[in-house]
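Below is one structure; the comments refer to it alone.
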Amino acid sequence: MPAKRVVDLAGSLILLLLLSPLLLAVAAAVAATSPGGILARQARTGLGGVTFAMLTFRTQREADFGPTPVGRLLRHFFLDDLPQLINVVRGEMSLVGPRPPGPDDSDHADRARLGVRPGITGLWQISDRSDLPWEEMAVLDLHYVEQHWLGLDLLILARTLPTALAGRRADRPVRLA
C-alpha cells in the first residue's frame, strides 16, 4: 500500500475517532435546527473518472432557501467538510488533493485532476487565497497534481488546522462546490 494511502487511512480513522464528539454534536445541531437529513451527498468525480457521493453536513434549508444559521457557522470553520473523512476511509478521496470536480465538468483542469484522488484540503484552501477566481484555484490544483509528494501533503495538513480555526473571512464568498 503506497505511503500516501497509509497516511490517508490512518489519519482519517484517527481524526474520526478524536473528532467523534464534535461530529455527534454537529449532527445533533443540524438535525435540531432544520428538517431534513443530516448529510448532503454531492456527485463528484474522483480518481480515474469514477463518480462517487461526496459527503458534507447539510448546511442549506430545504428547497435551497440559503444556509441555516448552523450551516453558516459550519461553513465559516469548514466543519461541513468533516464527513468527507468517511470518503477518505472508503478510498474515494484523500486527505490532501485537488477539490473533486462535478460529474459534468470537462475542462482541461478537471480532466487533469482525475490522475490523483481528490482531497478534503489542498494548496488553495490553505494559501489564504480561497477568494481567487475559479481559474486560479484550478492552477493551484494542477500544480499539486504535477508536484505532489508526501512531504507536501504533510505541510498542507499542518497548515489546514490553523486555516480552519481562523475561519473564512467575512468578505469572502462561501463556495458551495
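The values are calculated or read from the model by the stated rules, or taken from the named source; none is laboratory data. A quick note: this is a predicted structure, and the numbers were derived from the prediction, not measured. The accessibility values were calculated without ligands, DNA or RNA, using every heavy atom of the protein model including side chains. Shrake-Rupley method; radii C 1.70, N 1.55, O 1.52, S 1.80 Å.
Quick notes on this structure:
- Here the gap between Ser20 and Leu152, fully extended at 0.36 nm per residue and compared with their Cα-Cα distance, gives a gain of 44.8 nm.
- The slack in the chain from Val50 to Ile38, taken as 0.36 nm per residue of separation less the alpha-carbon distance, amounts to 1.8 nm.
- Direction-averaged projected area, Cα convex hull, the stretch 13-88: 5.5 nm², rounded to one decimal.
- When the Gaussian network model of the chain links Cα atoms closer than 10 Å, the mean-square fluctuations of Pro67, Pro21, Pro98 top out at Pro21.
- Surface analysis of the stretch 1-63 yields an accessible area of 55 Å² per residue, using protein heavy atoms and a 1.4 Å probe.
- Its residue count N sets the reference 2.2 N^0.38 Å, and the alpha-carbon radius of gyration of the chain equals 0.99 times that reference.
- Segment Leu73-Arg61, length gained on full extension (0.36 nm per residue, minus Cα span): 2.9 nm
- Heavy-atom accessible area ranking, 1.4 Å probe, most first, across Leu15, Leu82: Leu15, Leu82
- When shorter helices are ignored and each DSSP H run of at least 4 residues is given -39500 (n - 2.57), the per-residue value for the chain at 222 nm works out to -14500 deg cm²/dmol.
- Degrees separating the helix 134-147 axis from the principal Cα axis of the chain, which is the longest one: 50
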